[in-house]
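First up is the structure itself, then whatever we jot down about it.
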């Protein structure tokens with residue numbers, strides 16, 4: 001039997017599998033997830049609940065606590081060989097790994113759970129063999145796109161974007177898909193889009209150009225899930241409005257991945273993008289480019305006031321005194337801070 005070398009790529013064998021959110025707003029999150037977005041809900045205890053998008057037992061695990069934020073992201077690794085290559089890389093860089101307990105793995109509906117530090121204090125978890133739920137889906141949406149592309153993407157804001165890019169390159173062999181340059185309220189942003197499989201991006205990293213500011217209070221700026229149909233996007237958009245949840249950005253289409261989407265504001269404060277029909281990357285032909293502007297049309301702010309903008313600037317000012325958490329040992333040295 002031949003074995004692959006330790007430096008063999010894991011690109012394509014890694015998929016965003018679940019997200020762990022810590023919140024004290026369980027009632028609001030249940031309404032948001034089931035009645036507005038249209039996901040399947042399972043209540044496990046007064047302090048634990050899950051949302052499903054498909055036949056996997058868990059796509060979002062909500063735990064009771066004060067963070068009001070994403071605290072962990074889980075990555076499905078296709079096989080034990082790739083899992084062991086990732087673990088070996090992390091340990092070789094002197095970064096501690098912790099085996100998840102049987103109870104923790106069961107809550108996430110997975111086997112062979114391993115966790116380790118990630119950028120911005122978000123714990124990264126890898127696992128194999130997601131468990132299939134015994135009960136059929138009960139949800140308002142007709143379905144969501146997961147499979148080989150994973151379940152969507154995570155978007156971060158950062159004062160150290162090159163280090164985040166280096167981290168995911170070191171750990172998952174992430175590839176740069178493209179960039180977007182955008183100016184919002186006079187602030188110039190550069191956004192990097194990183195992929196670990198055929199999905200256009202599983203990680204997006206936005207940075208303020210020329211200033212060490214992070215204008216977002218939460219560790220994540222938004223989470224994305226992909227609806228099965230355009231009708232699902234339209235119906236959930238209507239439900240978000242009717243149920244009184246805040247809408248961050250109206251329906252629009254992105255310049256780079258061509259996804260049609262909208263952004264709602266979650267009960268914890270970060271944003272939630274529901275999208276449809278993004279492009280799939282062809283590795284044989286793709287070349288990174290830079291796009292001017294986030295959207296070709298739409299994605300307009302909804303209900304944003306001067307007070308909201310001032311609060312965002314205050315958050316950015318506070319970030320100057322709060323060092324951003326990184327994992328230097330895994331952040332690489334060969335990635336240019338472009």
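In µm²/s, what is D for the stretch 14-128 at 10 °C and 1.306 mPa s, where D = kT/(6 pi eta Rh) by Stokes-Einstein and Rh is the Kirkwood radius from Cα pairs? If you can, show how the numbers build up before the last one.
Working: Rh = 14.8 Å.
Reported coefficient: 108 µm²/s.
Tell me, Kirkwood radius of the stretch 126-167 from alpha-carbon pair distances, in Å? Display every interim value, and only then the final one.
Numbers: mean 1/r = 0.0701 Å⁻¹.
Across the stretch 126-167, the inverse of the average 1/r is 14.3 Å.
Cα gyration tensor of the chain, axes a ≥ b ≥ c as square roots of the eigenvalues: rounded (a/c below 1.5), prolate (a/b > b/c) or oblate?
Values: a/c = 1.38, a/b = 1.09, b/c = 1.26.
Since a/c stays below 1.5, the shape of the chain is classed as rounded.
Please order 190, 120 by the number of other Cβ within 10 Å, starting at the fewest. If you can, show how the numbers build up before the last one.
Values: 190 17, 120 21.
Ranked by crowding around the Cβ, least crowded first: 190, 120.
Rg over Rh of the stretch 147-329, using C-alpha atoms and the Kirkwood radius, what does it come to? Don't skip to the end; give the middle numbers.
Numbers: Rg = 16.2 Å, Rh = 17.1 Å.
Ratio of gyration radius to Kirkwood radius for the stretch 147-329: 0.95.
Rounded to the nearest 5, what % of DSSP beta bridges with both residues in the stretch 14-128 are antiparallel? Working shown, then result.
Working: 23 of 33 bridges.
Looking only at bridges with both residues in the stretch 14-128, the antiparallel portion is about 70 percent.
Could you tell me the relative contact order of the chain? Use alpha-carbon pairs under 8 Å, at least six residues apart, and round to a whole percent. It would help to have the intermediate numbers written out before the result.
Working: 776 pairs, mean separation 65.6, N = 338.
In percent, rounded to a whole number, it is 19.
What share of all Cα pairs of the stretch 26-83, in percent, falls into each consecutive 5 Å distance bin?
Going from the shortest bin to the longest, the percentages are 4, 16, 25, 24, 16, 7, 6, 3, 0.
How many nm is it between the label spots at residue 95 and residue 55, if each spot is 7 Å from the Cα in line with the beta carbon?
The two pseudo-label positions are separated by 3.3 nm.
Can you sort 184, 203 from fewest to most other Cβ atoms within 10 Å of each residue's own Cβ?
Numbers: 184 14, 203 23.
Fewest-to-most Cβ neighbours within 10 Å comes out as 184, 203.
Which order do 26, 116 fall in if you start with the one that has the fewest other Cβ atoms within 10 Å? Mind dumping the intermediate values first?
On the way: 26 17, 116 20.
Starting with the residue having the fewest Cβ neighbours, the order is 26, 116.
Note the full-extension length gain between residue 181 and residue 282 as 0.36 nm times their separation in residues minus their Cα-Cα distance, in nm to one decimal. Please list the in-between numbers first.
Numbers: separation 101, 0.36 × 101 = 36.36 nm, distance 2.32 nm.
Full extension from residue 181 to residue 282 adds 34.0 nm.
Please report the antiparallel percentage of DSSP beta bridges with both residues in the chain, rounded to the nearest 5.
Working: 59 of 81 bridges.
If I count the DSSP bridges inside the chain, around 75 percent turn out antiparallel.
Indicate, rounded to the nearest 5 percent, the antiparallel portion of the DSSP beta bridges found entirely in the stretch 147-329.
Working: 34 of 46 bridges.
Bridges in the stretch 147-329 are about 75 percent antiparallel.
Every number in this text was worked out from the coordinates using simple rules, so none of it is lab data. Computed from a predicted structure; not experimentally measured. Heads up, the Cβs are rebuilt from the backbone with ideal geometry, glycines too, and the neighbour counts pull from every protein chain shown.
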